[in-house]
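Report on the structure given below.
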Amino acid sequence: MPEKETLERANQDKREGKSPSTQAGEFVREEIEHIRHGVHGARSAKQAIAIGLSKARRAGIDIPPAGKKSESNSRHSFGKNHLADRRSSPKRARASLRALRREGKASASKKALSRFSKASSKKRGAVNRSRAAAKAARTRARTRSKNPRAGTRP
(Lines give C-alpha, C1' and ligand atoms only; values in the text may rest on other atoms or scores of the structure.)
Protein backbone atom coordinates (compact mmCIF):
# COMPACT_ATOMS: atom_id res chain seq x y z
CA MET A 1 0.00 0.00 0.00
CA PRO A 2 1.44 3.39 -0.93
CA GLU A 3 2.10 5.94 1.77
CA LYS A 4 -0.48 8.65 2.42
CA GLU A 5 1.91 11.45 1.37
CA THR A 6 2.60 9.73 -1.97
CA LEU A 7 -1.12 9.48 -2.72
CA GLU A 8 -1.58 13.16 -1.79
CA ARG A 9 1.30 14.26 -4.04
CA ALA A 10 -0.07 12.19 -6.94
CA ASN A 11 -3.56 13.66 -6.42
CA GLN A 12 -2.08 17.18 -6.33
CA ASP A 13 -0.30 16.47 -9.63
CA LYS A 14 -3.63 15.32 -11.08
CA ARG A 15 -5.40 18.50 -9.87
CA GLU A 16 -2.64 20.60 -11.45
CA GLY A 17 -3.28 18.86 -14.77
CA LYS A 18 0.05 17.04 -14.94
CA SER A 19 0.43 13.93 -17.05
CA PRO A 20 -0.26 10.43 -15.70
CA SER A 21 3.45 9.62 -16.01
CA THR A 22 4.25 12.53 -13.67
CA GLN A 23 1.63 11.28 -11.22
CA ALA A 24 3.11 7.77 -11.41
CA GLY A 25 6.58 9.23 -10.82
CA GLU A 26 5.57 9.90 -7.21
CA PHE A 27 5.09 6.16 -6.67
CA VAL A 28 8.41 5.36 -8.36
CA ARG A 29 10.13 7.94 -6.14
CA GLU A 30 8.58 6.29 -3.06
CA GLU A 31 9.80 2.87 -4.19
CA ILE A 32 13.35 4.13 -4.72
CA GLU A 33 13.30 5.63 -1.21
CA HIS A 34 12.09 2.32 0.24
CA ILE A 35 15.01 0.52 -1.36
CA ARG A 36 17.52 3.15 -0.23
CA HIS A 37 16.24 3.04 3.36
CA GLY A 38 16.45 -0.76 3.43
CA VAL A 39 12.74 -1.60 3.55
CA HIS A 40 13.47 -4.10 0.77
CA GLY A 41 15.75 -4.48 -2.23
CA ALA A 42 15.44 -4.98 -5.97
CA ARG A 43 17.44 -6.89 -8.52
CA SER A 44 17.79 -3.94 -10.88
CA ALA A 45 16.77 -0.32 -11.37
CA LYS A 46 14.27 -1.53 -13.96
CA GLN A 47 12.59 -3.75 -11.35
CA ALA A 48 12.42 -0.88 -8.84
CA ILE A 49 10.70 1.33 -11.42
CA ALA A 50 8.34 -1.51 -12.41
CA ILE A 51 7.28 -1.98 -8.78
CA GLY A 52 6.55 1.75 -8.47
CA LEU A 53 4.50 1.77 -11.69
CA SER A 54 2.57 -1.28 -10.51
CA LYS A 55 1.67 0.54 -7.29
CA ALA A 56 0.56 3.54 -9.34
CA ARG A 57 -1.72 1.35 -11.46
CA ARG A 58 -3.25 -0.21 -8.36
CA ALA A 59 -3.85 3.27 -6.92
CA GLY A 60 -5.83 4.19 -10.03
CA ILE A 61 -3.33 6.32 -11.96
CA ASP A 62 -4.31 6.22 -15.62
CA ILE A 63 -1.14 4.74 -17.13
CA PRO A 64 -1.28 1.97 -19.74
CA PRO A 65 -0.68 -1.63 -18.65
CA ALA A 66 2.82 -3.04 -18.88
CA GLY A 67 3.70 -4.93 -22.02
CA LYS A 68 2.05 -4.32 -25.37
CA LYS A 69 0.98 -0.80 -26.25
CA SER A 70 -2.26 -1.78 -27.98
CA GLU A 71 -5.52 -1.88 -26.03
CA SER A 72 -6.62 -4.91 -28.06
CA ASN A 73 -4.40 -7.10 -25.89
CA SER A 74 -6.98 -9.64 -24.73
CA ARG A 75 -5.60 -9.86 -21.21
CA HIS A 76 -6.02 -6.12 -20.63
CA SER A 77 -9.09 -5.33 -22.70
CA PHE A 78 -11.72 -6.12 -20.08
CA GLY A 79 -11.40 -2.95 -18.02
CA LYS A 80 -9.44 0.23 -17.63
CA ASN A 81 -8.59 -0.04 -13.93
CA HIS A 82 -8.86 -3.79 -13.52
CA LEU A 83 -5.61 -3.88 -11.52
CA ALA A 84 -7.15 -1.72 -8.80
CA ASP A 85 -9.79 -4.42 -8.18
CA ARG A 86 -7.37 -7.34 -7.96
CA ARG A 87 -5.95 -8.26 -4.58
CA SER A 88 -3.26 -10.87 -4.03
CA SER A 89 -3.56 -13.30 -1.18
CA PRO A 90 -1.73 -12.46 2.07
CA LYS A 91 0.47 -15.53 1.61
CA ARG A 92 1.54 -14.40 -1.89
CA ALA A 93 2.15 -10.82 -0.72
CA ARG A 94 4.27 -12.04 2.19
CA ALA A 95 6.28 -14.32 -0.10
CA SER A 96 7.02 -11.54 -2.60
CA LEU A 97 8.07 -9.15 0.17
CA ARG A 98 10.41 -11.79 1.65
CA ALA A 99 11.93 -12.35 -1.79
CA LEU A 100 12.48 -8.59 -2.22
CA ARG A 101 14.14 -8.36 1.22
CA ARG A 102 16.77 -10.84 0.04
CA GLU A 103 17.71 -8.59 -2.89
CA GLY A 104 20.42 -5.94 -2.83
CA LYS A 105 20.06 -2.21 -2.26
CA ALA A 106 22.48 -1.05 -4.98
CA SER A 107 19.77 -1.08 -7.65
CA ALA A 108 18.44 2.25 -6.32
CA SER A 109 21.82 3.97 -6.25
CA LYS A 110 22.31 7.16 -8.25
CA LYS A 111 24.80 5.35 -10.47
CA ALA A 112 22.39 2.49 -11.26
CA LEU A 113 19.47 4.84 -11.97
CA SER A 114 21.66 7.02 -14.15
CA ARG A 115 22.86 4.00 -16.12
CA PHE A 116 19.25 2.85 -16.61
CA SER A 117 17.97 6.26 -17.73
CA LYS A 118 20.84 6.70 -20.19
CA ALA A 119 20.25 3.24 -21.66
CA SER A 120 16.51 3.82 -22.03
CA SER A 121 17.01 7.27 -23.58
CA LYS A 122 19.43 5.79 -26.14
CA LYS A 123 16.60 3.57 -27.36
CA ARG A 124 14.44 6.61 -28.13
CA GLY A 125 16.62 8.16 -30.82
CA ALA A 126 18.41 11.48 -31.22
CA VAL A 127 15.43 13.58 -32.34
CA ASN A 128 13.29 12.43 -29.44
CA ARG A 129 16.09 13.09 -26.93
CA SER A 130 16.64 16.55 -28.38
CA ARG A 131 12.93 17.42 -28.09
CA ALA A 132 12.86 16.19 -24.50
CA ALA A 133 15.88 18.33 -23.62
CA ALA A 134 14.31 21.40 -25.24
CA LYS A 135 11.07 20.82 -23.33
CA ALA A 136 13.00 20.46 -20.06
CA ALA A 137 14.79 23.75 -20.74
CA ARG A 138 11.46 25.49 -21.36
CA THR A 139 10.05 24.04 -18.15
CA ARG A 140 13.11 25.21 -16.19
CA ALA A 141 12.79 28.72 -17.65
CA ARG A 142 9.07 28.84 -16.80
CA THR A 143 9.71 27.58 -13.25
CA ARG A 144 12.50 30.10 -12.69
CA SER A 145 10.36 32.99 -13.88
CA LYS A 146 7.74 32.08 -11.23
CA ASN A 147 10.29 31.37 -8.51
CA PRO A 148 13.84 32.68 -9.10
CA ARG A 149 15.33 30.33 -6.49
CA ALA A 150 13.74 27.19 -7.97
CA GLY A 151 16.14 24.61 -9.30
CA THR A 152 19.12 25.95 -7.38
CA ARG A 153 20.91 23.67 -4.97
CA PRO A 154 21.78 24.82 -1.45
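The values are calculated or read from the model by the stated rules, or taken from the named source; none is laboratory data. For clarity, every value in this text was computed on a predicted model and none was experimentally measured. Neighbour counts run over all protein chains shown; Cβ positions are idealised from the backbone, glycine included.
Kindly establish whether Leu97 is modelled with pLDDT of 75 or more, closer than 18 Å to Ala50 by Cβ and aliphatic (A, V, I, L, M). Even if it seems obvious, please write down each step before you answer.
Details: modelled with pLDDT of 75 or more: yes; closer than 18 Å to Ala50 by Cβ: yes; aliphatic (A, V, I, L, M): yes.
When the stated conditions are applied, Leu97 passes them.
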Report every pair of residues separated by at least 6 positions or lying on different chains whose Cβ atoms are under 8 Å apart, first residue within region 18-44 and over 21 Å from Pro64 (Cα atoms), second part of a helix (DSSP H, G or I) and β-branched (Val, Ile, Thr).
Gly41/Ile35; Ala42/Ile35; Ala42/Ile51
Identify all residues within region 121-142 that are of a type in the set (S, T, N, Q) and modelled with pLDDT of 90 or more; write none if there are none.
Asn128, Ser130
Of the residues in region 3-32, those that are surrounded by fewer than 18 Cβ atoms within 10 Å (Cβ to Cβ) and within 12 Å of the chain's Cα centre (by Cα) come to Pro20, Ser21, Thr22, Arg29
Considering region 39-63, residues that are under 15 Å from Gly104 (Cα atoms) and among the charged types (D, E, K, R), and then whichever is farthest from the chain's Cα centre (by Cα), we arrive at Arg43
For residues that are within 16 Å of the chain's Cα centre (by Cα) and not basic (Lys, Arg), tally how many sit in region 102-139.
10
Do the conditions hold for Pro90, that is, is it over 20 Å from Ala108 (Cβ atoms), at pLDDT 90 or above and surrounded by 10 or more Cβ atoms within 10 Å (Cβ to Cβ)?
no
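So, in region 96-121, how many residues would count as being among the charged types (D, E, K, R), loosely packed, with under 12 Cβ neighbours inside 10 Å and more than 20 Å from Gly25 (Cα to Cα)? I'd like the intermediate steps shown before the answer.
Here is the first cut: in region 96-121, the residues among the charged types (D, E, K, R) are 98, 101-103, 105, 110-111, 115, 118.
In the following step, the residues that additionally are loosely packed, with under 12 Cβ neighbours inside 10 Å were identified as 98, 101-102, 110-111, 118.
From the residues that got through so far, the ones that are more than 20 Å from Gly25 (Cα to Cα) too are 98, 101-102.
The number of residues fulfilling the criteria is 3.
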Among residues of region 6-38, those that are charged (D, E, K, R) and under 25 Å from Ala106 (Cα atoms), counted:
6
It is to be established whether one or more residues within region 48-60 are farther than 24 Å from Leu100 by Cα, in a helix (DSSP H, G or I) and touching an Asp or Glu at 6+ places or on another chain (Cβ under 8 Å).
no
